[in-house]
Amino acid sequence: MSDGLTSLVKKLDSAAASDKSLKACVVFLSDDPDLEKRLQAFIEKENVKHVNFGIDNPAGPKGWNIAKDAELTAVFYVKNKVVANHAVAKGGLKAETVDAIIADLAKLK
């Protein structure tokens with residue numbers, strides 16, 4: 001868990017806590033057998049209450065065409081229509097990137 005990802009998750013958690021219509025989910029694309037334990041420890045340490053977590057295979061969901069070289073892909077959608085999409089290169093999840101992603105929450109209303 002990078003500092004940038006921790007910041008993003010905490011901001012999503014805060015947004016979902018204050019807006020009950022917002023549903024947040026973070027899906028990790030990995031085949032790491034220890035990831036589930038590490039995620040549980042992260043959730044407890046950071047006191048995350050309003051973000052759901054999932055683990056999928058490294059290729060991601062079929063048909064989503066997730067960029068393989070991206071550190072993170074953030075997708076916001078309303079009624080099955082994508083309204084914002086951020087693909088962040090490795091090492092690019094910095095404070096300003098997190099802020100830009102969070103700013104797009106406004107597109108969900």
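All of the numbers you see were taken from the coordinates with simple rules; none came from a lab. Not measured: the values here are computed from a predicted model. For neighbour counting, all protein chains shown are included, and Cβ atoms are generated from backbone atoms with ideal geometry for every residue, glycine included.
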**Item:** Hits in region 5-36 - residues which are within 19 Å of Leu93 (Cβ to Cβ) and loosely packed, with under 13 Cβ neighbours inside 10 Å
**Value:** Cys25, Asp32
**Message:** Just the residues that are more than 12 Å from the chain's Cα centre (by Cα) and small (Gly, Ala, Ser), please, taken from region 3-50.
**Reply:** Ser14, Ala15, Ala16, Ala17, Ser18, Ser21, Ser30, Ala41
**Message:** Can you pull out every residue in region 16-36 that is more than 17 Å from Pro58 (Cα to Cα), touching a strand residue (DSSP E or B) at 6+ places or on another chain (Cβ under 9 Å) and not in a strand (DSSP E or B)?
**Reply:** Ala16, Lys23
**Message:** Which of the strands (runs of 3 or more DSSP E) found entirely inside region 37-109 contain at least 2 residues meeting this: charged (D, E, K, R) and loosely packed, with under 14 Cβ neighbours inside 10 Å?
**Reply:** none
**Message:** Take the residues in region 59-109 that are of a type in the set (D, E, K, R) and without any contact (Cβ under 8 Å) to a residue 12 or more places away in the chain; name whichever of them is nearest to Leu8 (Cα to Cα).
**Reply:** Asp99
**Request:** Identify all residues within region 1-44 that are in contact (Cβ under 8 Å) with a residue 60 or more places away in the chain and closer than 14 Å to Ile101 by Cα; write none if there are none.
**Result:** Gly4, Leu5, Ser7, Leu8, Lys11, Leu12, Ala15
